[in-house]
Amino acid sequence: MTNNVYGIDLGTCNMKIYCKSSNKILNEKNTIALKNKDEIYAYGNSAYAMYEKAPESIHVTFPVTTGVIADFNNLQSMIQLFLETHVKGSLKGAEFIVAVPTSITEVEKKAFFDMFYKSKMKPKGVLLCEKPIADAVGLGLDVNEPTGIMVVDIGADTTEISVISLGGLVLSDLLHFGGNKIDESIITYVKRNYNLVIGQKTAQSMKERLGSGIPGNEDTMIVVGRDVVSGLPIEMEMSGGVVYEAIKDNLESICNSIKMILEKTPPELAKDIIHSGIYITGGSSQIHDLDKLFADITGIDINTCEEPEECVVRGLVKIVSDSKYKHLAFSMKSKILI
């Protein structure tokens, strides 16, 4: 097994690339700034810094939406540029393993495959792996066992709730809902109740600093927005209680979906899940006390982990490197129609 292996998780918000030889995870915003409609002006974190601030001549886009590829060509160019800049060593003949959401079509899966297989990087091999399985392996769980594992991955645009056993998905539900929706709810709530228009980034930092799964967060922060009445920018102090009211319905809908999956879970697997608890991963699982909320509603222990947004990408490399897990990845080469 060569060391020239890259695990790739193309999220809506962040792109995570794990390079096996350096054992490092590159984590950048999955954002592209385009000039003159098709020329890449900036990408990654520097493009995201321009979001909501760019003049009309620069268009800031997100090439992955709701977990699937929306802008194939620019995303391919960005990955190529990004890898050439950050990866020391040759990309030619590398092996890529790419995480894909579960309930997407064959055509959408094929786009993830072609993104690398048909690129200038001339890879030696491209494998795909379903995200929840990579997630569970990244958590250090043995997915080959006949034991039920439940993973809830809360991303930016999607939340994936899965029950895994014997290396396969028994049940899976992909909700088109995640951290971005939560940010939008904060924007709407603040505008409706305080006549203050705030941007997406402000809402995001309110969620990160003040957001909580259960009421009682007394922290406050100063936010700047535009007063709806006067039209002028003003500062206002916001509390954790405001953010809780804004996001509680969103969190409740995730809870309801978890309950629905639990209701459909075969009893023997449900017994395993009650015994080992539910695992939550993904960037948006870092909302303060979210585990307490889920535990209160389901009555099951919730397991959190360090760096939850990097779980999938760690699992991917483990899957390619460890013969025990190799069968969990698949190629789409055999399905290519000539």
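The values are calculated or read from the model by the stated rules, or taken from the named source; none is laboratory data. Everything numeric here is computed off the predicted structure, so don't read it as measured data. Using ideal geometry, Cβ is built from the backbone for each residue, glycine included, and neighbour counts are taken over all protein chains shown. Heads up: the accessible areas ignore ligands, DNA and RNA and are worked out on the full protein's heavy atoms, side chains in. Shrake-Rupley method; radii C 1.70, N 1.55, O 1.52, S 1.80 Å.
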### Summary
The correct count of residues that are within 15 Å of LEU262 (Cα to Cα) and either under 12 Å from the mean Cα position of the chain (by Cα) or of a type in the set (A, V, I, L, M) (or both) in segment 129-152 is 4
### Message
Just to be sure I understand, how many residues within segment 79-107 are of a type outside the set (A, V, I, L, M), within 20 Å of the chain's Cα centre (by Cα) and outside any loop (DSSP other than H, G, I, E, B)?
### Response
2
### Query
Does segment 203-212 include one or more residues that are open to solvent by 40 Å² or more (accessible area, probe 1.4 Å), of a type outside the set (S, T, N, Q) and either touching a Gly at 6+ places or on another chain (Cβ under 7 Å) or under 29 Å from ALA136 (Cβ atoms) (or both)?
yes
### In segment 218-227, residue farthest from ILE186 (Cα to Cα) [restricted to those that are in contact (Cβ under 8 Å) with a residue 24 or more places away in the chain and open to solvent by less than 70 Å² (accessible area, probe 1.4 Å)]
ASP227
### Task
With respect to GLU306, determine if the residue is assigned to a strand (DSSP E or B), farther than 21 Å from THR147 by Cα and acidic (Asp, Glu).
no
### Message
Among (1) touching a residue at least 24 places away in the same chain (Cβ under 8 Å); (2) under 16 Å from VAL64 (Cβ atoms), there is one condition LYS20 misses while meeting the rest; what is its number?
### Response
(2)
### Residue satisfying condition, being open to solvent by less than 40 Å² (accessible area, probe 1.4 Å), at pLDDT 95 or above, closer than 23 Å to GLY179 by Cα and not small (Gly, Ala, Ser), within set TYR48, TYR43
TYR48
### Message
Checking PRO215 against (1) touching a residue at least 24 places away in the same chain (Cβ under 8 Å); (2) open to solvent by 70 Å² or more (accessible area, probe 1.4 Å); (3) assigned by the TED database to the domain that holds ASP157: exactly one of these is not met. Which one?
### Response
(3)
### Message
Please determine whether any residue of segment 156-165 is over 30 Å from LYS324 (Cα atoms) and buried (at least 18 other Cβ atoms within 10 Å of the Cβ).
### Response
yes
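Pick from SER257, SER285: which is within 18 Å of PRO132 (Cα to Cα), of a type in the set (S, T, N, Q) and crowded, with 20+ Cβ neighbours inside 10 Å?
Numbers: SER257 fails: crowded, with 20+ Cβ neighbours inside 10 Å.
Matching residue, one of SER257, SER285: SER285.
Given the criterion over 22 Å from GLU252 (Cα atoms), out of contact with any helix residue (DSSP H, G or I) (no Cβ under 7 Å at 6 or more places or on another chain) and not in a strand (DSSP E or B), identify the matching residue among ASP142, ASP135.
Values: ASP135 fails: out of contact with any helix residue (DSSP H, G or I) (no Cβ under 7 Å at 6 or more places or on another chain).
Going through ASP142, ASP135 in turn, just one is over 22 Å from GLU252 (Cα atoms), out of contact with any helix residue (DSSP H, G or I) (no Cβ under 7 Å at 6 or more places or on another chain) and not in a strand (DSSP E or B): ASP142.
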### Condition broken by ILE182, with the remaining ones in (1) under 16 Å from ILE154 (Cβ atoms); (2) open to solvent by 20 Å² or more (accessible area, probe 1.4 Å); (3) touching a Lys or Arg at 6+ places or on another chain (Cβ under 9 Å) satisfied
(2)
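Yes or no, residue by residue, for (1) modelled with pLDDT under 95; (2) touching a helix residue (DSSP H, G or I) at 6+ places or on another chain (Cβ under 8 Å); (3) of a type in the set (Gly, Ala, Ser); (4) not in a helix (DSSP H, G or I):
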{"residue": "GLU237", "(1), (2), (3), (4)": "no, no, no, yes"}
{"residue": "ALA246", "(1), (2), (3), (4)": "no, yes, yes, no"}
{"residue": "LYS259", "(1), (2), (3), (4)": "no, yes, no, no"}
{"residue": "GLU263", "(1), (2), (3), (4)": "no, no, no, no"}
{"residue": "HIS275", "(1), (2), (3), (4)": "no, no, no, no"}
{"residue": "ILE280", "(1), (2), (3), (4)": "no, yes, no, yes"}
### Query
Only one of (1) under 27 Å from ILE164 (Cβ atoms); (2) in contact with a Cys (Cβ under 9 Å, 6 or more places away or on another chain) is not met by PHE116, so which one is it?
(2)
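Please find, within segment 20-40, the residue that is most open to solvent (accessible area, probe 1.4 Å) out of those that are in a loop (DSSP other than H, G, I, E, B) and basic (Lys, Arg).
As a first pass, look at segment 20-40 and keep what is in a loop (DSSP other than H, G, I, E, B): 20-23, 30-31, 36-38.
Pick out the ones that are also basic (Lys, Arg) and you get 20, 37.
Working: LYS20: 54, LYS37: 180 Å².
Selected residue: LYS37.
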